1. Quick one: how many residues across segment 67-87 are open to solvent by 30 Å² or more (accessible area, probe 1.4 Å) and out of contact with any Gly (no Cβ under 9 Å at 6 or more places or on another chain)?
2. Of all residues in segment 171-189 being in contact (Cβ under 8 Å) with a residue 40 or more places away in the chain and open to solvent by 10 Å² or more (accessible area, probe 1.4 Å), which is farthest from the ligand (Cβ to nearest atom)?
3. Restricting segment 226-248 to residues that are in contact with a strand residue (DSSP E or B) (Cβ under 9 Å, 6 or more places away or on another chain) and among the charged types (D, E, K, R), which is nearest to D165 (Cα to Cα)?
4. Would you confirm whether any residue within segment 329-346 is over 20 Å from L390 (Cα atoms) and not small (G, A, S)?
5. Would you confirm, using the coordinates I've provided, whether L390 is surrounded by 17 or more Cβ atoms within 10 Å (Cβ to Cβ), within 16 Å of the ligand (Cβ to nearest atom) and on the phi > 0 side of the Ramachandran plot?
6. Is segment 371-387 home to any residue that is open to solvent by 10 Å² or more (accessible area, probe 1.4 Å), out of contact with any helix residue (DSSP H, G or I) (no Cβ under 9 Å at 6 or more places or on another chain) and at pLDDT 95 or above?
7. Looking only at segment 123-148, which residues are part of a helix (DSSP H, G or I), open to solvent by 20 Å² or more (accessible area, probe 1.4 Å) and small (G, A, S)?
8. Can you give me the ranges of the helices (runs of 4 or more DSSP H) entirely in segment 190-295 with at least 2 residues that are in contact with a Ser or Thr (Cβ under 7 Å, 6 or more places away or on another chain) and surrounded by fewer than 22 Cβ atoms within 10 Å (Cβ to Cβ)?
Amino acid sequence: MGAPVKSLILSIVITYCSIGQTTRGQEASTFDKAALAEQVKAEFLHSWNSYKQYAWGYDGLRPLSKVGYNWYDVPLYITALDAYDTMVLMGLREEADSVRDFVLRNLHFDHDIFVKNFEITIRLLGGLISSYQLSGDKRFLDLAEDLGTRLLPVFGSPTGIPYVDVNLRTGDVRNPRTNPAEAGTLILEFGALSKLTGRPEFYAAAKNAITEVFRRRSAIGLVGTWMDAKTGEWLDPNSHLSACIDSYYEYMIKGWLLFGDSDLKAMWDSSIVAIKTHLADEAPTGLWFGHANMFTGERTKTWFGALDAFFPGTLVLAGDVPTAARLQESCFKMWNRHGIEPEEFDYGTMEPARPRYFLNPEIMESTYYLYQATRDPYYLMMGKTIFDSLRVHCRVDAGYTELKSVVTKEKSDRMESYFLAETLKYLYLLFADENTVDLRTTVFNTEAHPIRKTW
Ligand code: DMJ
């Protein structure tokens, strides 16, 4: 058993002994977990069947107009591949088999299109790797290797920090304006690809990318929002845990857990000190993590949002369950303020700063990890509240849809693939048998694709 796995088990045990006994919600026996898991599965099928009916073969569904849309000139079957491993985990064998046959018959990457390296890595490369591991079908791994090879040119900048876009056929790259999340959220997928194919260049390129971002942290240990991949210069010094930075931190701890790479653990150990020193905010409404200038530490905004809600989950994986539990309380307050969380929330005024909601999964993800760590039924209550309000405010005839405003609940017209890959998967796993996924051997990538440590 590797050291990261031991540390995860240890953290779960410590937590169980310290706060796991404290039940703030109903008793476990009053929750019919199995029934709730079935209800989530039914909502998954409602969404998936709507996608099949109106958008089959497209990358995504517009649930109000009931049409499909593609990200590029040709479809890459993003929703189907993102949803596949959720189907497997839910035991939807027939659906999963039909997706597998469709994807393996139709998906290839020899297209003259520029794609976003980060999005294609977390959704497709991650999806192909988990599909391979769950199905044992080597054709998924062949597709993953082909895709990984076509994405590799992004790392060819003078700094090794990846360009944002790459042409899948020509290998041309463009757009050096990047951020820590896009540059630093690649090591799980590229690293697993190295382990599974025996080609070390994938791991090396992704490891170098996150290392080069980390090396450019400020004297007080923070990173900014935007940077130039060619020069390594910071273009925007705003530091936070939200979009553009979030999963850069997540992959330090998950990379440590999946590969036992102590350099990644050292990056986390250093970063978490800076985060707790300069971003943490003990407000009258609880513990939050706001925005600050990466060079001076000066507070720039009292904002926290739907994406930041991944952080309790990452803290659990890092072994800091007490802080995770406190922050999760704040996330739940943010959710309950209007019955759905906003994209950005000003915890100074306790009102949305950006009122949209994109069906994001992060709060469900953190609820799942906290329940796994504590077995406290309070987190089942939390998950049920979140699930109920999703059904009330985002469910439509053809699937689930985003909101233009969590205040007015006005709907917008898009169901992102991560709703099936992540949002419903984490809700399902929260209520399903606790051993559905063995967290001692499995690490979820940032799109919730489970990657199993088989090496
Ligand atoms: C997903 O694609 C991933 O979770 C990513 O890390 C952040 N954005 C969405 C979900 O909100």
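The values are calculated or read from the model by the stated rules, or taken from the named source; none is laboratory data. Predicted model, so just to flag it, every value in this text is computed and none were measured. No Cβ is skipped: glycine too gets one built from the backbone with ideal geometry, and neighbour counts run over all protein chains shown. Calculation scope for accessible area: heavy atoms of the full protein, side chains included, ligands and nucleic acids excluded. Shrake-Rupley method; radii C 1.70, N 1.55, O 1.52, S 1.80 Å.
1. 4
2. Filtering segment 171-189 down to residues in contact (Cβ under 8 Å) with a residue 40 or more places away in the chain leaves 172, 174, 176-189.
Within this subset, residues satisfying the condition of being open to solvent by 10 Å² or more (accessible area, probe 1.4 Å) are 172, 174, 176-177, 182.
Numbers: D172: 25, R174: 22, P176: 21, R177: 18, E182: 10 Å.
Filtering segment 171-189 for residues that are in contact (Cβ under 8 Å) with a residue 40 or more places away in the chain and open to solvent by 10 Å² or more (accessible area, probe 1.4 Å), the one farthest from the ligand (Cβ to nearest atom) comes out as D172.
3. At the first step, the residues of segment 226-248 found to be in contact with a strand residue (DSSP E or B) (Cβ under 9 Å, 6 or more places away or on another chain) are 226-229, 233-245.
Okay, now just the ones that are also among the charged types (D, E, K, R), so 228, 233, 236.
Details: D228: 13, E233: 19, D236: 20 Å.
Taking the candidates together, the pick is D228.
4. Taking segment 329-346 first, the residues over 20 Å from L390 (Cα atoms) are 346.
Those still in the list that are not small (G, A, S) too: 346.
Yes, segment 329-346 contains a residue that is over 20 Å from L390 (Cα atoms) and not small (G, A, S).
5. So L390 does not fit the description; no.
6. yes
7. S135
8. By residue number, 201-215.
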